[in-house]
Amino acid sequence: MNEGRLEFKIELHDEAGQLALVSRKFADHGINIETMCAIDTNVVIVTDQVTEARVALNSLGIAFSTTQLLSQSMPDKPGALADFSERLGEAGVSITSIYVLSRIQGATELAFSVDDMDKARAVLNMHESVPP
């Protein structure tokens, strides 16, 4: 089953080289990290190569959790994020995480998770088949 794009949440040991260890293992498995963020030892990695990422993290013995992400493109201009988040908020949908994947030719592509995937898809007129 194609799981689409996921965020992998991991907690690394507070030791030098831990991020290098994970990123090298991903590279060795041919996994492209689309975006990531880290605060202290908490790291979130976003990829659409989910099977490979699971194998890589399991081979390192690193516990992880995953969350399904949706993607949306919007104009790269002031107020676009406000419009996007207001549409979801007014429908009672909470954004639980959000990432900028790219900014190309006047458009920004976001990946995000929400508390109600079906409602978010309806509000944003997303008709493609995306796994829950």
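The values are calculated or read from the model by the stated rules, or taken from the named source; none is laboratory data. Quantities reported herein were computed from a predicted structural model and do not represent experimental measurements. Using ideal geometry, Cβ is built from the backbone for each residue, glycine included, and neighbour counts are taken over all protein chains shown.
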Inset, instruction - Report, by residue number, each residue of region 1-34 that is aromatic (Phe, Trp, Tyr) and either assigned by TED's automatic domain parsing to the domain that holds LEU101 or not in a helix (DSSP H, G or I) (or both). - result: PHE8
Legend entry - Residue that is nearest to GLU7 (Cα to Cα), among those in region 68-96 that are at pLDDT below 95 and in a strand (DSSP E or B): GLN68
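Taking the options SER73, SER59, SER102, name whichever one is hydroxyl-bearing (Ser, Thr, Tyr) and loosely packed, with under 12 Cβ neighbours inside 10 Å.
Values: SER73 fails: loosely packed, with under 12 Cβ neighbours inside 10 Å; SER102 fails: loosely packed, with under 12 Cβ neighbours inside 10 Å.
Selected residue: SER59, the only one of SER73, SER59, SER102 that is hydroxyl-bearing (Ser, Thr, Tyr) and loosely packed, with under 12 Cβ neighbours inside 10 Å.
Could you grab me the full set of residues in region 107-126 that are part of a strand (DSSP E or B) and over 21 Å from ASP76 (Cα atoms)? Outline the logic, then answer.
Going residue by residue through region 107-126, those that are part of a strand (DSSP E or B) are 107-114.
VAL114 - this is the single residue of region 107-126 that is part of a strand (DSSP E or B) and over 21 Å from ASP76 (Cα atoms).
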Inset, instruction - Specify which of the listed residues (GLU34, GLU52, GLU15) is among the charged types (D, E, K, R), out of contact with any Gly (no Cβ under 8 Å at 6 or more places or on another chain) and surrounded by 13 or more Cβ atoms within 10 Å (Cβ to Cβ). - result: GLU34
Inset, instruction - Would you check if there is a residue in region 74-96 being of a type in the set (Phe, Trp, Tyr) and over 25 Å from GLU11 (Cβ atoms)? - result: yes
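Would you check if SER65 is among the hydroxyl-bearing types (Ser, Thr, Tyr), outside any helix (DSSP H, G or I) and at pLDDT 95 or above?
On the way: among the hydroxyl-bearing types (Ser, Thr, Tyr): yes; outside any helix (DSSP H, G or I): yes; at pLDDT 95 or above: yes.
The answer is yes for SER65.
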